[in-house]
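The structure appears right after this line, and notes come after that.
FYI, it's all coordinate maths here, none of it is from the lab. Just so we're clear, the structure is a prediction, and the values are computed from it rather than from any experiment. Because the Cβ atoms are built from the backbone with ideal geometry, glycine has one as well, and the counts that use them run over all protein chains shown.
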Amino acid sequence: MTDTKKIRVRYAPSPTGYIHIGNLRTALYNYLFARHNGGEFILRIEDTDRTRYIEGAVENLIKTLEWTGLDYDEGPFKGGNYGPYFQSERLKIYKEHSDILLKKKKAYHCFCTPERLKALREEQQKQKLNQTKYDKHCLNLSDDEINEKISQGIPYVIRLNVNPEEKIKFNDYIRGEVEFSGELIDDQILVKSDGYPTYHLANVIDDYLMKVSHVIRGEEWLPSTPKHILLYEAFGWGTPVFAHLPLLLNPDRSKLSKRQGDVAVEDYRNKGYLKEALINFIALLGWSAGDDKEFYNFDELISAFSLDRVHKTGAIFDLEKLNWLNAEHLRKKSNNELIEMLRVGLKESKYSGLEFSDEYLRTVISAMRERVSFIKEFYEKGFYFFEEPDTYEDPGVRKGWKPHTPDILKKFAEKISAFENPTKEEFEIALLETATEMNIGKGNIVHPLRLAVSGVSGGPGIFDILSIIGKEKTINRINRIIEKLK
RNA sequence: GCUCCCAUCGUCUAGGGGUUAGGACACCACUCUUUCACAGUGAAAACACGAGUUCGAAUCUCGUUGGGAGCGCCA
């Protein structure tokens with residue numbers, strides 16, 4: 001196997017407890033890129049911050065990822081040839097590699113206390129220096145001094161030794177050539193005093209060892225990419241292709257954040273968004289195939305996706321369009337699929353104690369499917385299919401309810417009593433006859449009748465509603481509204 | 001503040017030297033429907049600004065302005 005040319009990408013989240021919607025987009029683009037090109041998609045857990053350990057976060061992350069359908073080829077609980085896939089289990093590897101850097105003098109021990117560092121930063125800020133960065137205070141410690149301090153148990157970190165003279169240039173797949181001056185780059189901490197690597201070190205080592213060909217990540221990493229390049233160079237390794245994705249934005253164009261709405265994938269899941277809609281939507285936030293197609297299923301995305309057509313501008317996460325897409329995807333579902341989904345929703349609703357036949361739900365679905373964007377709307381907008389209306393929408397009452405309306409409705413109730421189990425057509429006949437015999441327009445019956453059976457003034461065709469709820473309930477509800485509006 | 005990135009309707013975007021600057025969401029109107037929705041039709045809505053290159057810039061170059069991100073023993 002000529003592994004070297006194989007496309008391998010990774011999604012490398014840190015286990016914060018949930019997946020940020022922006023991270024899902026990053027994961028999706030990695031996934032689509034891999035699948036489109038017959039490459040591999042790796043999941044790696046970046047859990048090197050012990051202070052942020054959250055119980056169950058990884059499981060939750062994987063569960064959410066599974067829900068979205070982004071299946072990975074290598075990763076936690078699945079394995080692969082380049083594991084382990086938890087960074088916390090790769091400490092030995094990082095140690096070996098930081099030793100190499102130390103030996104090559106590309107990195108050095110630093111014994112400065114956090115207090116000194118803080119004071120240094122403040123001093124530099126006060127002097128209005130362009131950049132606050134480490135002053136290489138510990139760079140020239142002799143081997144003896146270093147060993148002495150280590151044996152005394154003085155905590156230390158390992159820093160990258162950056163040559164300020166150097167210019168770092170690289171070619172970003174999405175942005176083209178980007179150049180940084182070495183004098184602005186800090187002597188980045190590579191290994192923390194607890195012995196754990198920082199993101200920068202671990203990320204570079206893992207991407208190299210895992211043979212990652214393309215690093216596709218958010219734009220927020222662009223400024224620290226030179227550090228990573230320097231690291232690849234220090235090890236004498238070639239660099240992967242970097243592709244920095246545009247950010248997902250709040251409505252005020254700042255980076256998408258909690259403060260301004262839901263950012264966790266599970267929030268959207270809990271709100272009843274379809275994974276198909278969410279995936280479709282975020283795929284289009286920063287990428288387009290170049291045509292007018294907007295509705296995609298998963299396979300269509302895989303075949304249409306190309307990194308070349310990812311653009312550079314951040315995109316606002318616009319709920320309106322997501323809602324529309326959700327409705328579109330929902331309407332594409334078969335009745336049987338919708339029955340299943342509706343049953344799940346019903347079980348979590350206030351109607352959980354009630355029993356409904358598939359046949360009943362099917363009729364409700366046909367009546368409502370053009371009117372809903374979410375599953376829950378079947379029983380929220382169409383509550384009158386599941387319970388008696390208790391209140392009556394006010395504009396409907398004021399506009400349609402006249403003094404003689406109760407008589408009209410009573411007449412209609414009489415008419416339908418004559419039928420055993422009236423069909424939609426028979427309900428219609430009953431209404432027609434009522435109108436003729438009382439010499440009134442149909443509207444005088446239709447609207448109050450709708451109000452009586454549903455409590456609201458909008459919804460499916462009146463005869464659809466009547467035939468779904470049936471004769472008994474219709475008559476009961478007519479009597480009830482007459483009583484209530486007396 | 002410094003570094004880097006970015007700039008087409010309100011939003012997502014197409015278009016990359018010659019276009020009536022196209023589509024979608026949202027909004028509005030009309031049609032259909034005695035309701036609501038769906039659908040259809042239509043309206044309104046954008047190349048941030050200034051120079052330069054060119055016969056000709058939304059498109060190429062530079063600058064300005066604006067926005068964003070990053071500057072941690074977080075990732």
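Here are a few things to note about the model shown:
- Compared with the dominant principal axis of the Cα atoms in chain A, helix A:57-68 is inclined by about 50°.
- Mean separation of Cα contacts under 8 Å (6+ apart) over length of the range A:1-140, as relative contact order %: 20
- Of all DSSP beta bridges in chain A, antiparallel share, percent nearest 5: 55
- Amide H contacts of residue A:245: A:217, A:218, A:219, each under 5 Å away and 5 or more positions distant or on a separate chain (H built 1.01 Å from N in the peptide plane; Pro and chain starts excluded).
- FRET efficiency for residue A:92 and residue A:219, using Cβ-Cβ distance with R0 set to 35 Å, rounded to 0.05: 0.60
- Vicinal HN-Hα couplings computed from phi for the range A:351-359 (Karplus, 6.51 cos²θ - 1.76 cosθ + 1.60; Hz; Gly/Pro x): 9, 4, x, 8, 10, 9, 7, 4, 4
- Placing unit charges on the Cβ atoms only, positive for Lys and Arg and negative for Asp and Glu, gives the range A:1-123 a dipole magnitude near 580 debye about its Cα centre.
- Descending by average beta-carbon neighbour count within 10 Å, the peptides A:181-187, A:428-434, A:17-23 line up as A:17-23, A:428-434, A:181-187, the highest first.
- Under 25 Å from residue A:255, Cα to Cα: lysines that are on another chain or at least 8 residues apart: A:227, A:271, A:275, A:312, A:321
- Each of A:469, A:229, A:317 was placed along the dipole of chain A (beta-carbon charges, centred on the mean Cα), and the one lying farthest toward the positive end is A:317.
- 222 nm mean residue ellipticity, helices alone, for chain A (DSSP H n ≥ 4; -39,500 (n - 2.57); rounded to 500): -14000 deg cm²/dmol
- Mean separation of Cα contacts under 8 Å (6+ apart) over length of the range A:388-486, as relative contact order %: 39
- Candidates per GluC sites (Glu not before Pro) in the range A:1-89, loop by DSSP, up to 14 other Cβ within 10 Å: A:55
- Electrostatic bookkeeping for residue A:346 treats Lys and Arg as +1 and Asp and Glu as -1; over the other residues with beta carbon under 13 Å from its beta carbon, the sum is -3.
- Coil-residue GluC sites (Glu not before Pro) of the range A:263-305, DSSP, other Cβ within 10 Å capped at 15: A:294
- Subset of A:104/A:192; A:92/A:167; A:442/A:473; A:105/A:149; A:78/A:376 violating a 26 Å alpha-carbon distance limit: A:92/A:167; A:78/A:376
- Span from the the range A:337-379 Cα centroid across to the the range A:143-201 one, whole angstrom: 58
- Chain A, relative contact order in percent, only Cα pairs under 8 angstrom and at least six apart counted: 12
- Filtered chymotrypsin sites (Phe, Trp or Tyr not before Pro), the range A:237-295: DSSP coil and at most 14 other beta carbons within 10 Å: A:237, A:295
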